[in-house]
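Please read the structure below before turning to the comments.
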Amino acid sequence: MSRPKELDFFVSDFFVRRTRGPRGVDWYRRHFDPRRPVRGESSPNYTAEPTPPRGRRRALDPYYGGVARRMHSLVPGAKLIYMVRDPIERIRAQWIHLHTRGLQRKPLESAVAQRGSTYLARSSFCFQLERFLEHYPLDQLMIVDQDDLLHRRRPTLAAVFGFLGVDEGFWERSYEHVIHETRERRRRTALGVVSHAALPRRAWARLGRHAPFSLPFEPPEMSEAVRAELSARLSEEVARFRALTGRRFEHWSL
């Protein structure tokens, strides 16, 4: 796997300009060991295209649009793994991720219910998947439920390794370690936000989990009213995703 994990190589030119300037194929290739038969990266932004209003399916300029087209033009034979989870819990986890990094200041319930935000778009799994199926056949794509990876790790990883064409029985002890990331969250202070951008990665790794750079954070719960609203807005999308994949995802909350 690449280092860093999230290369964001195929996202829109807008995103590239905001980060390190134009990055070409050679930049991307340097992140992989050419001696390895199977190489990969993991960029959640590849499935961050916002769903447009009904009746204007392709009319909006997407935040990270064109990812699947760019990807297919360079690696048409790639095998894609799409990780999904309960759509409502995914929304809450996204808010926690942004809030603890100082990137989201609105309270949980007002932020996630705001129309036009990325929260609903990123939980619109069928819509995101369809962007890739315009360029890749379904047999080059594997859907992994996070719940399976957490609670049925050995058979889930065996299936992933089989899909990739490597040793299905491979296992190492690090796979047994579970990081309760949400429970261990700390929220960056204003000083922490500035320091994270300015300090070298190793320095931040030593300092970032301590005051005054961050403080303990207790993630809030989502009210039943907001859950019901989000469920109503996602119900059709979830039904389409279940029909497309042929899977029920019985443990999901909608």
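Nothing charged except the Cβ atoms of Lys and Arg (+1) and of Asp and Glu (-1): what's the magnitude of the dipole of the chain about its Cα centre? Round to the nearest 20 debye.
980 debye
Want the number for residue 190 to residue 218: 0.36 nm per residue separation, take away the alpha-carbon distance, what's left?
Gain on extension, residue 190 to residue 218, equals 8.3 nm.
Under a 5 Å amide H to amide H cut-off, with H placed in plane at 1.01 Å, what residues pair with residue 141 once short-range neighbours are removed?
The answer is 80.
Rg over Rh of the stretch 108-179, using C-alpha atoms and the Kirkwood radius, what does it come to?
Dividing the radius of gyration by the Kirkwood radius yields 1.10.
Within 15 Å, Cβ to Cβ, of residue 194, how many net charges do the neighbouring residues add up to if Lys/Arg are +1 and Asp/Glu are -1?
+3
Measuring from label point to label point, each 7 Å out along Cα→Cβ, what is the residue 201 to residue 38 span in nm?
Here the answer is 2.4 nm between the modelled labels.
Quote the relative contact order of the chain in percent (integer), defining contacts as alpha-carbon pairs under 8 Å separated by 6+ residues.
Relative CO of the chain lands at 20 percent.
Determine the percent antiparallel among the DSSP beta bridges restricted to the chain, to the nearest 5.
Taking every DSSP beta bridge with both residues in the chain, the antiparallel ones total about 40 percent.
P(r) tail for the stretch 147-246, what percent of Cα pairs lie past 22 Å?
So the portion of pairs separated by more than 22 Å is 63 percent.
Using a/c under 1.5 as the rounded threshold, could you call the chain rounded, prolate or oblate? The axes a ≥ b ≥ c are square roots of the C-alpha gyration tensor eigenvalues, and prolate needs a/b larger than b/c, oblate otherwise.
rounded
With +1 on each Lys and Arg Cβ and -1 on each Asp and Glu Cβ, how big is the dipole of the stretch 104-237 about its Cα centre, in debye rounded to the nearest 20?
1100 debye
Can you sort 5, 79 so the residue with the fewest Cβ neighbours within 10 Å comes first?
5, 79
Read-outs: derived from the displayed coordinates by stated rules, not from any lab. Every value quoted in this text rests on a predicted model; they were computed, and no experiment measured them. Here Cβ is always computed from backbone atoms with ideal geometry, including for glycine, and neighbour counts include all displayed protein chains.
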